[in-house]
């Protein structure tokens with residue numbers, strides 16, 4: 001792709017580093033920004049700068065937050081005895097959109113994947129185990145995507161909780177095996193939370 005401007009080329013190359021954005025799409029986006037009022041581009045740049053500099057991660061669940069505790073963890077109406085374990089922040093958003101869950105969350109920050117160099121030590125698993133041991137949690141819902149890596153992570157966490165007085169369950173398999181949670185429709189995802197099954201039962205299926 002030939003560019004008449006080095007500045008344009010640099011902007012396109014940076015934009016093309018975003019997931020799902022190729023060079024042609026990046027060029028279209030950059031040219032669109034150039035056609036917009038100058039202030040709009042500055043607002044976008046300022047919003048991205050503030051995200052990098054000012055955003056926090058909730059000290060309890062590791063969800064993205066503007067303060068030490070996210071709005072979910074600080075909400076007194078949420079059920080603190082029920083915690084949904086998810087892979088990342090997008091899964092929290094997907095489940096919240098269903099309106100079917102009123103407990104808290106714990107964001108692991110990924111899934112165990114030796115092929116990608118991700119081990120248990122790279123995730124928020126130890127923090128979850130400590131949370132279970134030192135809080136009023138009575139049930140954990142494993143809501144990782146039903147992939148091989150998700151199932152491996154569920155089982156690893158389950159083993160770490162052996163000896164703890166806690167109920168463990170997993171979302172019902174209304175979510176097709178191999179699918180990422182964030183792409184499930186809200187009705188199916190909501191039902192899979194409501195119709196969750198004991199984790200031990202899922203090991204036999």
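Values in this text are rule-based calculations from the coordinates and carry no lab data. This one's a predicted model, so the numbers in the text were calculated from it and none came from an experiment. Cβ sites come from the backbone with ideal geometry, for glycine too, and all protein chains shown count toward neighbours.
Tabulated results
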read-out	value
Percent of alpha-carbon pairs separated by more than 20 Å within the chain	64
Computed lengthening from residue 90 to residue 155, 0.36 nm per intervening residue step minus Cα-Cα distance	21.2 nm
Antiparallel DSSP beta bridges within the chain, as percent of all bridges there, nearest 5	30
FRET efficiency, 1/(1 + (r/R0)^6) with R0 22 Å, evaluated for residue 3 and residue 25 via beta carbons	0.90
Per-residue Cβ neighbour rank within 10 angstrom, fewest leading, 27, 7	7, 27
Inter-site label distance for residue 40 and residue 129 at 7 Å from Cα along Cβ, in nm	5.2
Segment 6-54 shape via C-alpha gyration tensor axes, a/c threshold 1.5	oblate
Whole-number percent relative contact order across the chain, with pairs defined as alpha carbons under 8 Å at least 6 apart	15
Cα shape, segment 71-134, gyration tensor, a/c 1.5 rule	oblate
FRET efficiency estimate (nearest 0.05) - Cβ-Cβ, residue 47 to residue 13, R0 35 angstrom	0.95
Value at 222 nm in deg cm²/dmol, rounded to 500, when DSSP H runs of n ≥ 4 in the chain each add -39,500 (n - 2.57)	-13000 deg cm²/dmol
For the chain, built as a Gaussian network whose Cα springs stay under 10 Å, the top-fluctuating residue of 127, 26, 94	26
Ranked 153, 98, criterion: other C-beta atoms within 10 Å, fewest first	98, 153
Cβ-Cβ FRET estimate between residue 121 and residue 66, R0 fixed at 35 Å, reported to 0.05	0.75
Sorted by Cβ density within 10 Å, fewest first, the residues 42, 105	42, 105
Choice from 126, 134, 75 with maximal GNM fluctuation in the chain (Cα, 10 Å cutoff)	134
Top of 157, 83, 12 by mean-square fluctuation, Gaussian network on the chain, Cα under 10 Å	12
